[in-house]
Amino acid sequence: MNRNLVTLLLLTLALLSISACGDDNDAAESDAGVRADAGAPDGGTPVCSTNPTTHLELINACTNAVRVEKTPVLPLLNADGTRPPVP
Amino acid sequence: MSKRVTSRAAAAVAAILGFQAWGATAQAQDVPCSSLPNPVYVQTGDTQEPLMKNLGRRFRDSATNPMTIIYLTAGSCTNIEALFNRTKLTQNPKYVPSTAEDPAWTPQMAARTCTIDPAGVDLDIGVSAVFLEICTETAVPSHLRASIGPVQPYVFAVPLLSSQTAITAEEAYFVFGFPNGGMVEPWTDESLHHIRTNTKSTLLALAANIDVEASKWKGVRWDKSSEVVNALKNSPNAERTIGILGAEILDGNRDSLKALAFRAYGQNYAYYPDSTPTSFDKQNTRDGHYTPWSPTVYMTPIEGGVPTSTRAAYLIDAILGKELTPAPGFEPLESVVKVGLVPDCAMKVARDREGGDLRKYDPTEPCHCFFEAQTSGAAPASCTACTDDGPCGAGKCRHGFCEAR
């Protein structure tokens, strides 16, 4: 009987630990879902429009064309991100 | 053979060769423009010269409606002013020979020059490669008709050896608007920025797209596109060199130059005028991903609402892809596409002012299938070839393919 009780306790402990790991995985997946969420304001992949109508939608529409990603370095840009007037 | 005979023979050969060279030059220079058959006098930007040469050859050889396109290249603003003010053509213009005159001539070769009447000749057509309003606040005069022609993309170009692949509108704003390239690497040496003078469409169009007035651009100003091409090709520092060109000029020099992908204000990525850096399909120009482009505008004098030159009206209709009577015996839009322009009928976006916002566009007489067949070598599977409206259902047969209308 003691053996059975120990076995039961061990099984219970095992089930509890598996469940905990499962919770962790859910959190990771949840994090992964947020990161993969296209168009997320936290800087995920920009959304492209499949049926563009406005100027911004047209220039950012979904396409099979080659696109180049670039993060320019602009030493003279204003601190607030605006452009100074051309001299 | 004695030395005396040898030297005399050499002198004779040299004289003959010199005479022939003089004769060839004299022949080209001495031809009066008025002697050329069925002339149409055109003043156009040099970005349109490839079209003038390609179409010029085909119309010289047309059996049904032969004509000679006699053209002078000048800045778009200069051309607008000339037509608005009825300025006569007084500089010797160019023309291309017919196959009968020179079977070996190709549009990659130089055009010939003819001698203009010293009293000047009225222009039949003036071509601007930018919206007219960018050059003048004056409305189109009542003696002119202005027609929207094929779209002209413009590019920021670099030597092939440059490692750069893209430029953003923000970068270009600083590179061309500020001293020393606004410290934007690698384009920090103004002496290696090759731009155009203020009347040229290439500069005006790109200026509008990056929000830097044309007159404020920093760089070496060239009068001709060919001068920019040479400066780029011969630059001592490919990495720091950048210039501006019409896309069709760049297309003809892809063995030594390349276009940078361009990212417009508000855009997420940079795109080429074509879907890839090596294709010629102008996909991104057509659908709005590539924004630096302008429509060409064809101006012709009218009287009572009718063009004063029927030949000029015919030529304009040919370039616009309209139905022609008599048929010229060839497809003029092939020349338009071949030189890297996009006919209005193949555009999917439009704009109403230079550098202005884009909007969706559905041409009244579309030619999408024709354009895609020309640029890719084969029509898309969704396109149906036709010779009449029969197989087109509710659509219409245009330029050999069924279109929606």
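Computed quantities for the displayed model
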{"quantity": "GluC sites (Glu not before Pro) within the range B:294-341: DSSP coil, no more than 11 neighbouring Cβ in 10 Å", "calculated": "B:Glu323"}
{"quantity": "Value of relative contact order over the range B:93-182, rounded to a whole percent, pairs C-alpha under 8 Å and six or more apart", "calculated": "16"}
{"quantity": "Accessible area of chain B belonging to carbon and sulfur atoms, whole % at 1.4 Å probe", "calculated": "53"}
{"quantity": "The range B:306-395: trypsin sites (Lys or Arg not before Pro) in DSSP loop, at most 16 other beta carbons within 10 Å", "calculated": "B:Lys322, B:Arg353"}
{"quantity": "Helix runs (DSSP H) in chain B reaching 27 Å along axis by Cα, Kyte-Doolittle at least 0.0", "calculated": "B:3-30"}
{"quantity": "Distance (nanometres) between label positions extended 7 Å along Cα→Cβ at B:Glu185 and B:Thr165", "calculated": "1.9"}
{"quantity": "Heavy-atom accessible area per residue - the range B:332-405, 1.4 Å, Å²", "calculated": "47"}
{"quantity": "Anchor B:Lys282: lysines whose Cα lies under 18 Å away (excluding residues fewer than 8 positions away in-chain)", "calculated": "B:Lys258, B:Lys338, B:Lys348, B:Lys360"}
{"quantity": "Chain B, relative contact order in percent, only Cα pairs under 8 angstrom and at least six apart counted", "calculated": "17"}
{"quantity": "Buried solvent-accessible surface, both chains (A, B), 1.4 Å probe, Å² to nearest 100", "calculated": "3100"}
{"quantity": "Trypsin sites (Lys or Arg not before Pro) restricted to DSSP loop in the range B:35-140 with at most 15 other C-beta within 10 Å", "calculated": "B:Arg86, B:Lys88"}
{"quantity": "Neighbourhood net charge (9 Å Cβ-Cβ; Lys/Arg +1, Asp/Glu -1) for B:Ala247", "calculated": "-2"}
{"quantity": "The range B:145-222, relative contact order in percent, only Cα pairs under 8 angstrom and at least six apart counted", "calculated": "29"}
{"quantity": "Members of the range B:226-268 that become less accessible by 50 Å² or more once partner protein chains are added (1.4 angstrom probe, chain alone as reference)", "calculated": "B:Asn268"}
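The values are calculated or read from the model by the stated rules, or taken from the named source; none is laboratory data. What you see is a predicted model; the values in this text were computed from it and never measured. Quick reminder, even Gly has a Cβ in these numbers, built from the backbone with ideal geometry, and neighbours come from all protein chains shown. Calculation scope for accessible area: heavy atoms of the full protein, side chains included, ligands and nucleic acids excluded. Shrake-Rupley method; radii C 1.70, N 1.55, O 1.52, S 1.80 Å.
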